[in-house]
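This report refers to the structure that appears directly beneath it.
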Amino acid sequence: MRKGFYLTTLMLAAVLTAQAQTFKFDFSTRKKTAEGFVKVTPQTVYSDQQGYGYDRETSWDGKGNEPFFFSVQVPDGNYHVTVTLGSDKSAGMTTVRGESRRLLLEHVATKKGEKKTESFCINKRDTLIRPGYFVKIKSRERSKLNWDNRLTLEFNGEAPRIRSLVIERVENVPTIFLCGNSTVVDGDSDPYTSWGQMIPRFFTDQVCVANYAESGLSADSFQYQRRLEKILTQIKPGDWLFVEFGHNDQKQKGAGKGAYYSFAYYIKIFIDKTREKGANPVIVTPTRRRQWSQDGKHILDTHGDYPKVLREIAVREQVPLIELQEMTKVLCETMGEEGSKNIFVHYPAGAFPGHSKEMKDNSHFNMFGAYEVAKCIAQGIKDAKLPLADYLRPDFEGFDPAQPDKLEDFQWDAYPYVDLTKPDGN
């Protein structure tokens, strides 16, 4: 990490903190711009000096149908975002994602001349914990949008149309902090996707999700990398911390390792530190791997004692539990041995540009699978009777993994970038 970069970021954060942290942008083709709004043209390109603009070598002329990115330099925190979608010149169909492919709004249809105003909350962060002390992110994370000095929004869909954008810092919404591995992480590119980046879509703008998960991590390495330390600088009374580990922990060998030893110890640290801050821990059992019994009738439990230990800790410490292990078992078995390939990264050769080999990954989810597992989490929140259930969007009417959505009904607006590198861990 460059020292000068963070010095500049700190100086900018100090200036912004002293101001009202509200940013207003006008994307319309009208000649007159509303008071307080900054006019955006196709030439409004992002730079650190300007602090806002089209990003990732994209722009929008008001009528094109290609996805585009828009970034605003802001300090760490939660931001309430209001987008007015639509166009006077054409119909639109807009999907909005943020940072590293976090799904926020999907398939918002607007007729020609129609306006629709939608809002959501999004968390922005960088690696700074305190001056000179940083989260130890992996080298592969250094290019992730989740960790840079700006808030980036992606406008995608069959015909993305935006009139205006308002970004306002908020302090009073509950935040859900996610701790986990590659089954939770915000995947940066298609096709590897996790439930952590899909779950924001199911919440109203009265909740913010901050996903600190990363592929390959275990309960102890998550803490060694100072991710929990960073969370503890941000978390406040009334917030939530969801913990899902087990995949990588079970592969650790040696003295003191194991479900009832180091794993249980580090899970207890998550609980204790969260409660010290007046926040609420939630335990999530790990997702199933796609490993079938020889007769092809049952998904096997490949996690040993780890889910059992999590359940025991939840009872002993009186922590809410989301039983994702069992929900994904039902989900897979309902789809069957062959059909369950549709929720994991199973693709034939040639499915993606430059992709010459068949992909057979039975641990990591694709876009459809991550969407279904996120619905399991939303239902788990309802089943556990968490107050967070009050903030689920009205269009989430519940989810039964024994009655999953049909693949043919799922529509994903392809991300402009594809990375076929398998996530760490398995």
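Among the candidates SER221, SER262, which residue alone is small (Gly, Ala, Ser), in contact (Cβ under 8 Å) with a residue 40 or more places away in the chain and farther than 17 Å from ARG125 by Cα? Spell out the reasoning first.
On the way: SER221 fails: in contact (Cβ under 8 Å) with a residue 40 or more places away in the chain.
SER262 is the lone residue from the list that is small (Gly, Ala, Ser), in contact (Cβ under 8 Å) with a residue 40 or more places away in the chain and farther than 17 Å from ARG125 by Cα.
Taking each residue of the stretch 352-363 that is in contact (Cβ under 8 Å) with a residue 40 or more places away in the chain and looking for partners that are surrounded by fewer than 17 Cβ atoms within 10 Å (Cβ to Cβ) and part of a strand (DSSP E or B) with beta-carbon atoms closer than 6 Å, six or more apart or interchain, yields PHE352/VAL418.
Exactly one residue out of GLN234, GLN206 is closer than 30 Å to GLN73 by Cβ, touching a helix residue (DSSP H, G or I) at 6+ places or on another chain (Cβ under 8 Å), open to solvent by 10 Å² or more (accessible area, probe 1.4 Å) and polar (S, T, N, Q): that is GLN206. Can we say ARG125 is within 23 Å of the chain's Cα centre (by Cα) and open to solvent by less than 10 Å² (accessible area, probe 1.4 Å)? Spelling it out, ARG125 is indeed within 23 Å of the chain's Cα centre (by Cα) and open to solvent by less than 10 Å² (accessible area, probe 1.4 Å).
Looking across the stretch 176-231, the residues that are among the acidic types (Asp, Glu) and part of a helix (DSSP H, G or I) come down to ASP220, GLU229.
Can you tell me which residue among VAL108, VAL173, VAL166 is open to solvent by less than 40 Å² (accessible area, probe 1.4 Å) and within 19 Å of the chain's Cα centre (by Cα)?
Selected residue: VAL173, the only one of VAL108, VAL173, VAL166 that is open to solvent by less than 40 Å² (accessible area, probe 1.4 Å) and within 19 Å of the chain's Cα centre (by Cα).
Here the stretch 334-358 is the region considered, the condition is being in a helix (DSSP H, G or I), touching a Gly at 6+ places or on another chain (Cβ under 8 Å) and closer than 18 Å to THR193 by Cα, and the residue that is least open to solvent (accessible area, probe 1.4 Å) is ILE343. Inspection of the stretch 131-138 identifies at least one residue that is open to solvent by 20 Å² or more (accessible area, probe 1.4 Å), more than 30 Å from GLY62 (Cβ to Cβ), touching a helix residue (DSSP H, G or I) at 6+ places or on another chain (Cβ under 9 Å) and hydroxyl-bearing (Ser, Thr, Tyr). GLY180 is checked against (1) touching a Leu at 6+ places or on another chain (Cβ under 8 Å); (2) over 23 Å from GLN73 (Cα atoms); (3) open to solvent by 30 Å² or more (accessible area, probe 1.4 Å) and fails just one. What number does that condition carry? (3) is the only condition that GLY180 fails.
Has the stretch 73-94 got at least one residue that is basic (Lys, Arg) and either closer than 26 Å to ASP424 by Cβ or assigned to a strand (DSSP E or B) (or both)? Looking through the stretch 73-94, none of the residues is basic (Lys, Arg) and either closer than 26 Å to ASP424 by Cβ or assigned to a strand (DSSP E or B) (or both). Residue count for the stretch 314-328, restricted to those that are out of contact with any Leu (no Cβ under 9 Å at 6 or more places or on another chain) and either open to solvent by 10 Å² or more (accessible area, probe 1.4 Å) or without any contact (Cβ under 8 Å) to a residue 60 or more places away in the chain (or both): 7.
The values are calculated or read from the model by the stated rules, or taken from the named source; none is laboratory data. Bear in mind the structure is a predicted one, so any value in this text is a computation, not a measurement. For neighbour counting, all protein chains shown are included, and Cβ atoms are generated from backbone atoms with ideal geometry for every residue, glycine included. In case anyone asks, the SASA skips ligands and DNA or RNA and just uses the protein heavy atoms, side chains included. Shrake-Rupley method; radii C 1.70, N 1.55, O 1.52, S 1.80 Å.
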